[in-house]
Amino acid sequence: MNTQDAGHREAAVVALADGEYVTAGNEYTRAGWRVLADPRPGIETFDIGDHGWVGTGLAHQVTAAVSYRVAGHDARATRRGVAGVADAEELAAVADHPVQRACFLEFVGDFRAAGGLDGVAAAYEAAADAYRNAGPEIDDPREWATTPLFQAAAAPLKQVARGPANGEIAVEWGDLHGSDPADPGAFLAARASYKRRRFRSLVERVADEGHLAAPRGTTEYDTDHHRCPACGSTDVNWIESHVLCLRCSAPTAEQ
C-alpha cells in the first residue's frame, strides 16, 4: 500500500519472519502512527478524500494488536485496541460519505476483536447497519470496495487467516461481499457480518498457536531456487524486498 510508513512496515515483516512478535507489534505501531499522521504527500491527517489512504494506518494498528496477542502481551494488545477504537471513531465522525463512515466503524470491530475487547459483535452489527443505511447513496459498491480504505480494512483479516490456511489465500472477495452489487447496502454489509463470524476466532487461534503469518505478496510455487530451512517448502512469498516461505513465513535460503 503506497503510504508513508518510513520503512516500519517492512521492519515488521522482517520481525514476523524471525518470530519476533513483540518487535513486529512495535514496528506495526510505528507504521500506523506514521501513516495516521501523514498518509501521503499533500494529504492531511483527517483529509479522508475519495481514497481513504489513512485507513492503511488503522490497518497497521490492528495488525500490531494481533502481533502483541501472538506474543502473549495481551495488555499491550488491549491498549492498542482501545486507542484504535478511538482513532477509528474519530475518523468515522469526520468522514464525508456515509459508506466511508461505515468502513471506519468496521475498523472499530477489528480493533475490538484484535485487542480482546468486549463488544465485538455489537461493533460489527453497527457497521453492517451503517452500510445498509448508506446503500441509497452508493452507485457502485464495487468501486468503493476497491479503494485503499476498504482494501486496508480487509488486510489484517486476510493476513491473520493465512496462517491457519498453510499460507494460502483464505479470505476471498466473495467471502467478504454480498452476491448482488445491485443492492449496495447489503453487498458491503456482508463485510462486517463475515468479520463478526470469523475475525475474533481467527485472532484467538493464531494467538493460541503463537504464529502470525506475514502478509501475502507475490507468490511462486515449487521453485528450484529457494528452499525453506525451517519446513523444507520450495513455495515462496515475495513481500517487501524479502523472500519468505509461503507456508511458514520463515526467511528462505537460495539453493
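The values are calculated or read from the model by the stated rules, or taken from the named source; none is laboratory data. Because the structure is predicted, anything quoted here is derived from the model rather than measured. Using ideal geometry, Cβ is built from the backbone for each residue, glycine included, and neighbour counts are taken over all protein chains shown. With ligands, DNA and RNA removed, areas are computed over all heavy atoms of the protein, side chains included. Shrake-Rupley method; radii C 1.70, N 1.55, O 1.52, S 1.80 Å.
For region 1-114, the convex hull spanned by the alpha carbon atoms encloses 80 Å³ per residue. Between P229, P41, P184, the residue with the greatest mean-square fluctuation in the GNM of the chain (Cα pairs under 10 Å linked by springs) is P41.
What is the local net charge at H211, summed over the other residues whose Cβ is closer than 14 Å to its Cβ (Lys, Arg +1; Asp, Glu -1)? Result for the neighbourhood of H211: -1. Express the relative contact order of region 23-133 as a whole percentage, based on alpha carbon pairs under 8 Å and six or more residues apart in sequence. For region 23-133, the relative contact order is 23 percent. Charge tally for G115 (other residues, Cβ to Cβ under 13 Å; Lys, Arg +1; Asp, Glu -1): +1. Helix screen, the chain: DSSP H segments with Cα axial length of 27 Å or more and mean Kyte-Doolittle hydropathy at least -1.0 are 74-94, 184-209. The structure shown yields semi-axes √(5λ) of the Cα gyration tensor in Å, and of the options [x] 46, 26, 17; [y] 44, 20, 15; [z] 29, 19, 18 that calculated value carries the label [z]. Sparsely packed loop sites in region 29-136 (the chymotrypsin sites (Phe, Trp or Tyr not before Pro) outside DSSP H, G, I, E and B with at most 16 other Cβ atoms within 10 Å) comprise F46. Normalised per residue, the accessible area of region 78-199 is 40 Å², obtained with a 1.4 Å probe and no contribution from ligands, DNA or RNA. Using the rule -39500 (n - 2.57) for each DSSP H run of four or more residues, divided by the residues of the chain, the 222 nm mean residue ellipticity is -18500 deg cm²/dmol. Note on the chain: GNM, Cα springs under 10 Å; of G109, G57, G72, the largest mean-square fluctuation is that of G72. For region 120-220, the alpha carbon positions stretch 43, 34, 20 Å along the principal axes, listed from largest to smallest. Under the criterion of Cα pairs below 8 Å and six or more residues apart, the relative contact order for the chain equals 17 percent.
Nonpolar atom fraction for the chain, defined as the carbon and sulfur part of the 1.4 Å probe accessible area, stands at 45 percent. Other residues whose C-beta falls under 12 angstrom from the C-beta of D47 contribute a net charge of -3, scoring Lys and Arg +1 and Asp and Glu -1. Taking the chain as a Gaussian network of alpha-carbon nodes connected by springs under 10 Å, the highest mean-square fluctuation of the residues R112, R198, R216 belongs to R198.
Normalised by 2.2 N^0.38 Å, where N counts its residues, the alpha-carbon radius of gyration of region 177-238 equals 1.67.
The spacing between region 27-44 and region 130-183, judged by their C-alpha centroids, is 23 Å.
Within region 119-169, the percentage of alpha carbon pairs spaced more than 13 angstrom apart rounds to 71%.
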